[in-house]
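**Q** I'd like to ask some things about the structure below.
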Amino acid sequence: MAGKKERQRRLARERYERRAARRAQRYQQARRWTAIGSVCCIVVALAAGGFWLFRGPGQHAQAASTKPTASAATSPAATPSPSPSPTQAEPAKHCTYTSNPPAARNVGIPPAKPDYKARYQATIHTNRGDIVISLRNAKATCTVNSFVFLATKKYFNATHCHRLTTSGIFVLQCGDPTGTGSGGPGYKFDDENLAGATYPAGTVAMANSGANTNGSQFFLVYKDSAQLQPKYTPFGTIVSGLNIIQNVAKAGSDNANGPGDGHPKKKVVIKSVTIKKT
């Protein structure tokens, strides 16, 4: 029985990673087309007197989902991430956010100097109730700094949690204003807090499209997910509202990405995210 269960877990993990690899390929192809499109737009703008040169970046979604192998991204979400890269000492006193257009919502870039001594609590107000998260600022300072910044800029307001996985890996993925699993904030930053990382129920972690490609998408673990490798920055713990996600999971997904992986049948809409700082 143990051998059979282990084979089932291995097959589920392999299916998840194959889907992640396909998403990564689509991501790279889309970025190439985005670059070509940008060059064409510049040529047209120059011909028209340069008007478009003064407009902000377009609100187009990135074409790849980030995943926690999740694209949970930007989703828990790319080819499965390589072995975790070394991360800086925590709490971090300086953060680097690198431009990574396009931005699903252009709200700017977080401050480089985080308040590494602060304690933060985030409340995600959804159409199904409030989910309260204790943010791990001492362990994932730059990730928390980014999440707090996006929340205060109302980046997450009126967005859908676009992905639910119910086989082998048990997460609800959110944080993409486009609702496609391809959108990001227009910047990326490095992984944190990966040494010995595990993903029990209640974990909140970043989705990504490979090592050091964090953006805005994150996932909420509603059931222990031992199959997830330590490649997704854990930055919070759910202290209230886990049952909300578990009830959503019971209804299942539409399997749009394959068996046990798709949009949640019970839609989850983030109305707003509020931050309490102490």
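**Q** Can you name the residue in the range 144-172 that is more than 14 Å from I275 (Cα to Cα) and among the hydroxyl-bearing types (S, T, Y) and, of all such residues, is farthest from the chain's Cα centre (by Cα)?
**A** Step by step, filter the range 144-172, then rank; the result is S167.
**Q** Also: Scan the range 108-122 and give yes if some residue there is open to solvent by 30 Å² or more (accessible area, probe 1.4 Å) and farther than 23 Å from K277 by Cβ, otherwise no.
**A** No - not one qualifying residue is present in the range 108-122.
**Q** Counting just the residues of the range 227-259 that are within 19 Å of the chain's Cα centre (by Cα) and closer than 13 Å to S167 by Cα, which one comes out surrounded by the fewest Cβ atoms within 10 Å (Cβ to Cβ)?
**A** Q227
**Q** Tell me, which strands (runs of 3 or more DSSP E) wholly within the range 200-278 include 3 or more residues that are in contact with a Cys (Cβ under 9 Å, 6 or more places away or on another chain)?
**A** Because the criterion is at least 3 residues that are in contact with a Cys (Cβ under 9 Å, 6 or more places away or on another chain), the strands (runs of 3 or more DSSP E) in the range 200-278 that meet it are 218-221.
**Q** Regarding G129, is this residue more than 20 Å from A226 (Cβ to Cβ), surrounded by 23 or more Cβ atoms within 10 Å (Cβ to Cβ) and at pLDDT 95 or above?
**A** no
**Q** While we're on this one: Six or more apart or on different chains, Cβ atoms under 7 Å: show the pairs whose first residue is in the range 136-162 and open to solvent by 20 Å² or more (accessible area, probe 1.4 Å) and whose second is in a helix (DSSP H, G or I) and aliphatic (A, V, I, L, M).
**A** Going by the 7 Å Cβ cut-off, the qualifying pairs are R136/V144.
**Q** Out of everything in the range 193-204 that is in contact with a Leu (Cβ under 9 Å, 6 or more places away or on another chain) and closer than 16 Å to S240 by Cα, what residue ends up being most open to solvent (accessible area, probe 1.4 Å)?
**A** Result: A201.
**Q** Right, here's the next one. Which residue pairs have Cβ atoms under 9 Å apart, sit 6 or more places apart or on different chains, and have a first residue in the range 248-272 that is within 20 Å of P177 (Cα to Cα) and a second that is of a type in the set (D, E, K, R) and modelled with pLDDT under 95?
**A** What qualifies is N257/R19; N257/R23; D261/R15; D261/R19.
**Q** Please find, within the range 74-107, the residue that is modelled with the lowest pLDDT out of those that are within 12 Å of V144 (Cα to Cα) and open to solvent by less than 40 Å² (accessible area, probe 1.4 Å).
**A** Out of the qualifying residues, it is A92.
The values are calculated or read from the model by the stated rules, or taken from the named source; none is laboratory data. None of the values given here were measured: they were computed from a predicted structure. Note that we place each Cβ from the backbone using ideal geometry, even for glycine, and neighbour counts take in every protein chain shown. To get the accessible areas, we keep the full protein, side chains included, count just its heavy atoms, and leave off ligands, DNA and RNA. Shrake-Rupley method; radii C 1.70, N 1.55, O 1.52, S 1.80 Å.
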